[in-house]
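The values are calculated or read from the model by the stated rules, or taken from the named source; none is laboratory data. It should be emphasised that the depicted structure is a prediction, and the values quoted were computed from it without experimental measurement. Here the Cβ positions follow ideal geometry from the backbone for every residue, glycine too, while neighbour counts run over all protein chains shown.
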Amino acid sequence: MSSHATRAAGIAAAAACSTLLLTALPQAGAAPAFDSQGYADSTARCSDTAVLFGSTDSSRVAICKTTGGYEYRGVRVRDGAKLVLSATSAGSGSYTAVNDGITYTVSSSSLTISSGGAVVRKESWVDFHGPATSQSSTSTSSTPTSSAATPTSTTPMSTTPLPPPLPAEVGGGR
């Protein structure tokens with residue numbers, strides 16, 4: 001076989017492997033399926049009204065309007081770990097939820113996780129649906145928001161254990 005034929009065969013093999021890799025790997029940045037209530041088949045989905053919801057490289061979050069206030073519904077994508085907490089409006093379109101000294105702040109620019117006032121991690125949105133907050137002037141799309149007055153209830157949510165992760169939330173599947 002000539003060196004030209006060998007080189008052509010190598011290029012063809014590399015192209016085939018690249019195509020296989022691209023089709024086998026999940027699309028980076030591809031938004032999970034969603035509607036006005038949040039992400040389909042996800043904990044980050046509201047039973048009624050989603051105020052906002054978004055997805056980072058490692059998390060999915062929804063802020064839901066409830067009869068008693070707001071609810072933070074989050075899921076860690078890599079292992080499907082769920083967190084459902086009561087949330088409060090922090091003003092300017094951002095929301096906070098607190099669990100065991102960890103504060104989760106959701107705004108149109110990011111999901112910020114803090115402990116004792118120090119930022120542990122700040123995750124930028126790959127996909128965001130909701131109104132822009134004063135911290136950010138852009139939003140990828142919009143969902144309806146409630147015009148109700150900001151509730152002051154901080155009643156804890158149920159301590160009933162959550163069911164196992166949904167199929168879309170196991171092992172980073174999007």
The condition of being assigned to a loop (DSSP other than H, G, I, E, B) and in contact with a strand residue (DSSP E or B) (Cβ under 9 Å, 6 or more places away or on another chain) holds, among 89, 108, only for 108
Of (1) surrounded by 14 or more Cβ atoms within 10 Å (Cβ to Cβ); (2) among the small types (Gly, Ala, Ser); (3) farther than 17 Å from residue 62 by Cβ; (4) at pLDDT 55 or above, residue 115 satisfies every one except (1)
Can you pull out the residues in region 36-85 that are closer than 17 Å to residue 123 by Cβ, assigned to a loop (DSSP other than H, G, I, E, B) and of a type in the set (Ser, Thr, Tyr)? 42, 43, 56, 58
Only one of 51, 77 that is modelled with pLDDT of 95 or more, in contact with a Lys or Arg (Cβ under 7 Å, 6 or more places away or on another chain) and β-branched (Val, Ile, Thr): 51
